1. For the range A:163-245, compute the orientation-averaged projected area of the C-alpha convex hull (one quarter of its surface), in nm².
2. Okay, helix-only estimate at 222 nm for chain A: each DSSP H run of n ≥ 4 adds -39500 (n - 2.57), divide by all residues, round to 500 deg cm²/dmol; what do you get?
3. So what is log10(I(q)/I(0)) for the range A:331-395 at q = 0.25 1/Å, when the Debye sum runs over its Cα atoms only?
4. Whole Å is fine, so just give me how far the alpha carbon centre of the range A:389-430 lies from that of the range A:117-136.
5. Considering every residue in A:35-41, what mean count of other chain Cβ atoms within 10 Å of its Cβ is obtained?
6. What are the semi-axes of the equivalent ellipsoid for chain A, taken as the square roots of 5 times the Cα gyration tensor eigenvalues, largest first, in whole Å?
7. Classify the range B:61-114 from the C-alpha gyration tensor, please: rounded if a/c falls under 1.5, else prolate or oblate depending on whether a/b exceeds b/c.
8. Take every Cα-Cα distance within the range A:97-200, group them into 5 Å bins from 0 onward, and report for each bin the whole-number percent of pairs it holds.
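Laboratory data are not the source of any read-out in this text; all were calculated from the coordinates shown. None of the values given here were measured: they were computed from a predicted structure. So basically every Cβ, Gly included, is an ideal-geometry build from the backbone, and we count neighbours across all protein chains shown.
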Amino acid sequence: MTPFDVKFRRYTLSFVFLFAQLVLPLTAEAIPVFARKYSMSCVACHSAFPRLNQFGEHFRDNNMRLPNWRDNTVQTGDERLALPSTAPLAIRAQAYAQAREGKSIDPVSGETEQASSDFQSPYLVKLLSSAPLSDHITYYFYGIFAEKGNNGETTIEDAWFRHDDLFGSGVGMQLGQFQISDLMFARETRLSFQDFMAYRMAGITYDRGLLFDRSLGKFDFGLGLVNGNGIDENFNINSPGYRRPDKMFDNNSDKSIFGRIGTDIGPVSLGLFGLSGEQANATGPAGLDSGNRDTDKRIVGVDISGDVQGKTYWYAQLLWNSWDGFLDKNEDYNWWGGFLGADYIPNDFWAFSALYNYADADDLSNTDTIYEGIDINSLSLTASYYFMRNVKGVAEVNVDFLGKDSRKGTYYTGHLTKEHYILFGFDAAF
Amino acid sequence: MGMPSQHSRRIQLAGVLSILLATIGAMLSVTTGNAAELKVQRIRIESTPAGAAVNTIVGEQGVTPLSITERDIYPNTYPDAKVDLYGKVVISKSGCKTVTRRVTLNEIKTGLDIRLDCTESTPVVKLDAGGKPQAIRKPEQSATSATEALSERRLRQLKVLNELLDDKLISAEEEQSIRKRIFERLNQ
């Protein structure tokens, strides 16, 4: 048997195995943490998992708590102790097989690796936990055991406490690690595999900080402060002496301030977002390194969304970014990006989604840095079939409308390969 | 890196084709196979006595015994003012105490069998947003001084009014306004 035969047989067996998994009926029944706690069906909060429906948003805005939240707590006889009677845990898991036009290109050496097909299984394994701890305080947390091939690494993403009525003022306060972009559209509840790329490019996903929110009349206000350097930085505090145990997450005293004002105009929700903060400049070959200069960063965003009879949801986001002195300290770099999407959920079994991502590197174009790669122009079409409320099969096609760049400078930067892909797989929460 | 050999190109092609075929096959299988076997979750509701009206957040569903879908109690959209009725069924019958009940996951499977209390003297009870019993005023309690003077007809009107309020078919303001008119007529 030739090596080709062995590999071909392996592909064929894998194909048969995956095909059989989809054809055979799935009987698993499982309920995530809130459904378990309140003995409610997933459909109470999701029009199609993980997209939230109107009540799901109401539940989230009410600190993820129903008035009868104490029903499932341990009866200790102590009114001031409300321990969940079972561990409030849930798991989300995703596994995909993907055919992709894409390469891994080292920006400096140009060394290239390529794979046109990939079994991304598991793609994601996540442990989630959340529960009300008092009449006003709720916690939420999840850790990722494996994501995008990072086996063996555990990453904590969302992890926060929230008080929904600070000093009886009606002001909610959230402290911990969260996504700045959650003020607009939550990436975790999208139906597509493809991400809301403008959020990632603008660097407004996970950070550590404080977020206040308050509704006043027809307006919702959110105002937050974050370290501004993501969730990776971690510094030893050694200035008081030797072997001090504590660490700091932020590397400077400056914080990023951000906020959003939102309102409903008829059936349309509209929001205006703003952020002002700092980020380290980019330097080194292809701009791969972080420099020592703190540079100003400003973002203005507009988000708009709505739904038609709870079956069709649409949303759009625009972000204008201004990065002062980010590469050359005497230059300002402006760029913009956004996305536009719609989910159509005709019945309890199917959901169809379209997501269009666009970003223009603008002033960062032709800088011979990796930031030329902010350019994106792609459409993702997704079909989700729900075997169960909490188990779906996903098929997605991504079409890349950008032309392929040729190498223009010293480094291998820009859109050097197309990003078409087709994938299918499973997404489950239990 | 050298040029890919003919064998490796064939392997790449096989991998891509496998994934394409699996995607198409999966979509075909669920549309023609499993989908036919699956049913939308329905909830059976019965009452004793039968013939009670069943209301949910989306409106009147009919009279018991009947079956409704999960989406009749968990709609994706609803008027904000009705949020307290989300996930609940309201079962009412003339002469009986109205029951408002949050439907649990287990009840979706087993169905609901509600025994209505049709004793006239039973105090009317409704559930608050958290599903906890909340005493509400009966017409005769809120008009103690006028009770003796009420005619049978007026009493019936007040009972119907109370049911309409319980069923959320009228607002509290509307109920107060109509109640006031009934008493005004009584005093004329």
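1. Hull-based average projected area comes out at 8.6 nm².
2. That calculation yields -3000 deg cm²/dmol at 222 nm.
3. With one equal scatterer per Cα and no solvent, log10 I(q)/I(0) is -0.98.
4. Cα centroid to Cα centroid, the span is 23 Å.
5. Rounded to a whole number, the mean comes out at 5.
6. Gyration-tensor ellipsoid for chain A: 34, 31, 23 Å.
7. The shape class here is oblate.
8. 2, 9, 13, 17, 18, 14, 10, 6, 4, 3, 3, 1
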